[in-house]
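Asks: Structure in structure tokens, see below.
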Amino acid sequence: MHGTVWLRRPGARLVWRGALCLCLAWLCGPAAQAKPGSTGRSVVATPILDVPFISQREESCGKGCNGMNNCLPASLAMVLKAYGCQPPGGDELAFVHKMREVIDAANKCDQLGTDFRQATKALPKMTDPGLVACSTLSPTLVPDHAATTVQDVQIILDRVAAGNPAIVAVSALRLQPRQVKTSAFSKDGKVDDRHVLVVTGADQERVYVNDPLYYRYVGACRPAQGAWYYTRASFVEAVVSHGDGALFIGSGPPQPLRVTQNLTLLENARPGQPQEVRCKVRNNSSQMLTLQKLMVSGRGPQEPESKRGDLNEWLLWQAPEVDWTAAGDVQLAPGQEYEYVQSRSFDQEGIYFAVLSYWDAAGTWHTLTGPAVFNVSSSAPSQDDAALVGKSPSPRMPPGSETTVAVTLRNTGAATWAAGQGYALRHVGGLAPSSAGEVPVGSAVPVGGEFRTVMRFKAPASAGTYPSEWQMVHGDEPFGPRVTVQLRVEAPGPGGPGNWWDQLMESIRRQMEALQDSALRQIEAWQRQMQAYLDEQVARLQRQIQEGVQREVERQLKGLCGSGLLVPGLLLGASLWLSGWTGRRRR
């Protein structure tokens, strides 16, 4: 192979090392960092594990021990409840107290700490009704050695991604964004920020949690909704700093309802602009599933930064509720999917968030995604755009006669043109049609889809050329190009359209132009199909070349790098370089 010969040339190994290391550095550098959940013009809510939230701060309602000492019992209660285990009656405060009793028989009100080994020994002792079923679940500690490393944190997050929520020990004051003040962890002049929480999911930049330190509602003792997040970097630092790692129970609780199409919405919207949400869920259980409500819940706008202090984004939970319309009484057979599509607008500018949630048949509230954060601003760029695909030829017509003109537009923006949401082709100038001056979108036009409509015109009494101008609108906001339709009105006479021969010729001409337009559209469709086929073949060939070169490079690098951990990264850099080379070859 040519690659093998090249690698044997003097200095070639040094060049390979340098080039691949540069590729790896570029790949891991700041330019490769993606905004969390962002696709540029839309945001995606990350699916998380369905773990019920239980607050450790029920004690602040005036009952029992100081709630600040209940993070481990509350976290344990959350995970066991996800398995369907809880004491009779469903009292969450009694559940937390029962977990304190299980972990520490004396059930003193002092801080339990984060002794996971003590908790694992206590689990088999659960004999109360409602809890005994969970006494046989096998606990696992990660890591199983003295200190927690960055690699251990990755193992923890990988297990969460596989469907098993983690009870994790953290140094809470290292977490960002901060959700409590330093004074919450201070006693007698000393700061002790040892804390335990439940991890339910993660993406590239966020770790999603049920943190029992949340108030349910600030200043009130009512059920809370949803889950929040910490930055991935601060979470890793907090776990490593604490050092006790994580506790897993069993192989993971059942997840009866799964997200099969992620919740997406616009990253930036203007006041009054419809914010459409769209997602799909599937009954993942073996039984009929009843959802009292399925909805996207939101809060916003966030308090101004001047009022937030050091609590940062957490205060967004204190913002007003801004929910989308709920789908009620949804019945799902095993394996059946349901698509949720709703739209609403926001008049007040600011930062908002949205999560996908549902109420089950028993009235229990569940959260299926982390928060998707979006902005409402009058300076937000428009998400709507259009391009002209085609229009009928300019007709020649006698005064007083009628004709029709067809126009086809393609949705080239970032939002679906939803029916009933103000999307329409509107007459904006020139000769008015004899039909309606605004043609609304009859059915949803997705991004890349086409909208075709027909307008009817009546020729004026005087001969001449009459333009009629049209433009797409979303409500009162125009977008896309102005489409001009020209109508030529000619007086009757030997050379005018009143002559039967000219009328016949005009009819034939229009039919030929219509056939030509139809043929051109068919050719364009064939071209798109052929281009898609060629793209697929080129991609397949590129993959084959990459795989072959990767195998050869791996063989060569094993003798160069001397580290099994470096080889995958260098291979990734080589693959990136090869992708650029094959792209240039293709062009």
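Where a number appears in this text, it was derived from the coordinates with a stated rule and is not lab data. This is a predicted model, so every value here is computed, not measured. Glycine gets a Cβ as well: all are built from the backbone with ideal geometry, and neighbour counts include every protein chain shown.
Asks: Using a 10 Å cut-off on Cβ atoms, rank the peptides 277-287, 434-444 from the highest mean neighbour count down.
Replies: Packing order, densest peptide first, comes out as 277-287, 434-444.
Asks: Please work out the C-alpha center-to-center distance from the range 439-492 to the range 228-277 and express it in whole Å.
Replies: When both Cα centres are located, 46 Å separates them.
Asks: Something else about it: What distance in nm separates the simple spin-label points at T484 and K125, each placed 7 Å from Cα in the Cβ direction?
Replies: If labels sit at T484 and K125, their model points lie 8.7 nm apart.
Asks: Sticking with this one: For K190, K81, which order do you get if you count the other beta carbons within 10 Å of each Cβ and list the fewest first?
Replies: K190, K81
Asks: So how long is each side of the range 386-493 along the principal axes, counting just the alpha-carbon atoms, biggest first, in Å?
Replies: The Cα atoms of the range 386-493 stretch 51, 22, 19 Å along their principal axes.
Asks: Distance from a point 7 Å along Cα→Cβ of A539 to each backbone N in the range 430-455: keep the residues under 20 Å and list them by number.
Replies: 447-449
Asks: Also: Taking the alpha carbon gyration tensor of the range 254-305, what are the square roots of 5 times its eigenvalues, largest first, to the nearest whole Å?
Replies: 30, 13, 10
Asks: I would also like to ask the following. Hey, which of these cross-link pairs are over 20 Å Cα-Cα: K391/K458; K98/K190; K81/K280? Before the final figure, lay out the partial values.
Replies: Details: K391/K458 18 Å; K98/K190 29 Å; K81/K280 25 Å.
Among K391/K458; K98/K190; K81/K280, the Cα-Cα distance tops 20 Å for K98/K190; K81/K280.
Asks: Quote to one decimal, in nm, the extra length available between T231 and N284 on full extension: 0.36 nm per residue of separation minus the C-alpha distance between them.
Replies: The T231-N284 span can extend by a further 16.1 nm.
Asks: Further, regarding this structure: Using the 10 angstrom Cβ neighbour count as an exposure proxy, how do L266, L175 rank, fewest first? It would help to have the intermediate numbers written out before the result.
Replies: Values: L266 21, L175 25.
The most exposed by this proxy come first: L266, L175.
Asks: For Q204 and S241, what is the calculated FRET efficiency with R₀ set at 25 Å and r taken between the beta-carbons, to the nearest 0.05? Kindly include the intermediate steps, with their values, before the conclusion.
Replies: On the way: r = 22 Å, r/R0 = 0.86.
Computed FRET efficiency for Q204 and S241 comes out at 0.70.
Asks: Something else about it: Treat each spin label as a single point 7 Å out from the Cα along the C-beta direction, and report the S507 to E339 distance in nm.
Replies: 4.4
Asks: Let me ask something else. Hey, can you grab everything whose amide H is under 5 Å from the amide H of S401? Only 5+ residues off in sequence or another chain; H modelled, so Pro and N-termini drop out.
Replies: A459
Asks: With each label point set 7 Å from Cα along the Cα-Cβ vector, what nm distance links V132 and Q176?
Replies: 5.1
Asks: Give the calculated FRET efficiency between K187 and E552 to the nearest 0.05, with a Förster radius of 56 Å applied to their Cβ-Cβ distance.
Replies: Details: r = 62 Å, r/R0 = 1.11.
Using R0 = 56 Å, I get an efficiency of 0.35.
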